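Have a look at the structure below, then the notes.
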């Protein structure tokens, strides 16, 4: 099994997303340091059956809706 750690980030111009990064890799190597914001690097983990060509990252949710509590923490005042 391959373990992916889950991270919530804001992709500038695209919205909130959850990405899985293979255990032992740095999430900052897979999101834009200049344009994206890492919001939560502790969203749990998932395990995927081993396969020869598993990517170092997987997009788990590319249209994530923040909860009310998350909005209070991470959305900027308009």
From Cα pairs below 8 angstrom and at least 6 apart in sequence, can you work out the relative contact order of the chain, rounded to a whole percent?
40 percent
For the residue pair residue 49 and residue 3, what label-to-label distance in nm results when each label sits 7 Å from Cα along the Cα-to-beta-carbon direction?
2.1 nm
Percentage of Cα-Cα pair distances in the chain greater than 14 Å, rounded to whole percent?
62 percent
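Each value in this text was obtained by applying a stated rule to the coordinates, not by laboratory testing. Just so we're clear, the structure is a prediction, and the values are computed from it rather than from any experiment. Cβ sites come from the backbone with ideal geometry, for glycine too, and all protein chains shown count toward neighbours.
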